[in-house]
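Read the structure below first, then the notes.
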Amino acid sequence: MIEVVGLGKTVDNGGEPLTILQDISFSVMPGETVAIVGASGSGKSTLLGLLAGLDSPTAGEVRLDDVSLNSLDEDQRAKLRGRLLGFVFQSFQLLPSLNALENVMLPLELAGLSRSTVAASDWLARVGLSHRLKHYPKHLSGGEQQRVALARAFAPNPQLVLADEPTGNLDAATGQQVIDLMFDLNAKQGTTLLLVTHDEAIAARCGRVLRIQSGRLAG
């Protein structure tokens, strides 16, 4: 599902090169659950952005579903993301002008799927929000917003879900509920899950853990 070879990312830091990631190589098989763990600033989120094709590496290659992201232009990468990927972000990233139902409908409509209203309603029911369909993000709690985000990520039936610190803005109890729900949805859908977290308890629930230290894979 994912193949990463010699991946590196360097940026200009006031005229001096700053290496964020260096010589990262690993693969993820379909259906695996993999955690990426590391301290703040270790390069975890940068790596996730490179895997999604939202950023470009300065060295190496990312292949998703046997397609090299290096060979695609921006529009082609966007189409690949729409076909393969679901996203769950720490900050939820719901569109404030759309209600819960419309936020979940959006990727379904972009994918050209029919009956998007019915499908989105069904997914919101699966995450326990059938009573909040018409509520806008500002009227939802953090836990409810992340549940909408989970429904939005899984609704198009992606092959791969990328989650970046999905409990980072939630209290412990709410975060536990969200994580339980995410792993339950992932197991039922048979999705490949790549999860960035600093929480060792969450990482331990994944089938494999990759650790990043100072921009390199450890161990």
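Identification of strands (runs of 3 or more DSSP E) wholly contained in the range 175-219 with 1 or more residues that are aromatic (Phe, Trp, Tyr) and open to solvent by less than 70 Å² (accessible area, probe 1.4 Å) yields no element.
The set of residues from the range 5-55 being closer than 30 Å to Lys188 by Cα and in contact with a helix residue (DSSP H, G or I) (Cβ under 7 Å, 6 or more places away or on another chain) comprises Thr33, Ala35, Ile36, Val37, Gly38, Ala52, Gly53. The residues of the range 188-209 that are over 17 Å from Lys44 (Cα atoms) and within 16 Å of the chain's Cα centre (by Cα), listed by number, are Gln189, Gly190, Thr191, Thr192.
From the list Leu85, Leu98, the lone residue that is surrounded by fewer than 18 Cβ atoms within 10 Å (Cβ to Cβ), closer than 26 Å to Gly168 by Cβ and hydrophobic (A, V, I, L, M, F, W, C) is Leu98. Taken over the range 32-43, the criterion of being on the phi < 0 side of the Ramachandran plot and open to solvent by 20 Å² or more (accessible area, probe 1.4 Å) is satisfied by Glu32, Thr33, Ala39, Ser40. Checked against the criterion of being in a helix (DSSP H, G or I) and open to solvent by 40 Å² or more (accessible area, probe 1.4 Å), the range 47-69 has no qualifying residue. Taking each residue of the range 44-66 that is free of Cβ contacts under 8 Å to residues at least 60 places away in the same chain and within 21 Å of Gln213 (Cα to Cα) and looking for partners that are open to solvent by less than 50 Å² (accessible area, probe 1.4 Å) and assigned to a loop (DSSP other than H, G, I, E, B) with beta-carbon atoms closer than 8 Å, six or more apart or interchain, yields Leu50/Pro57. Restricting attention to the range 157-173, the residues being part of a strand (DSSP E or B) and either among the acidic types (Asp, Glu) or surrounded by fewer than 22 Cβ atoms within 10 Å (Cβ to Cβ) (or both) number 1.
One residue stands out among those in the range 70-82 that are within 20 Å of Gly60 (Cβ to Cβ) and part of a helix (DSSP H, G or I): the one that is most open to solvent (accessible area, probe 1.4 Å), which is Glu74.
Screening the candidates Arg115, Arg147 for the property of being within 21 Å of the chain's Cα centre (by Cα), charged (D, E, K, R) and open to solvent by 30 Å² or more (accessible area, probe 1.4 Å) yields one hit, Arg147.
Within the range 123-133, is even one residue open to solvent by 70 Å² or more (accessible area, probe 1.4 Å) and closer than 27 Å to Gly31 by Cα? So far as the range 123-133 goes, yes, one or more of its residues are open to solvent by 70 Å² or more (accessible area, probe 1.4 Å) and closer than 27 Å to Gly31 by Cα.
The values are calculated or read from the model by the stated rules, or taken from the named source; none is laboratory data. Values in this document were obtained by computation on a predicted structure and should not be read as measured data. Positions of Cβ are backbone-derived with ideal geometry, glycine not excepted, and every protein chain shown enters the neighbour counts. In case anyone asks, the SASA skips ligands and DNA or RNA and just uses the protein heavy atoms, side chains included. Shrake-Rupley method; radii C 1.70, N 1.55, O 1.52, S 1.80 Å.
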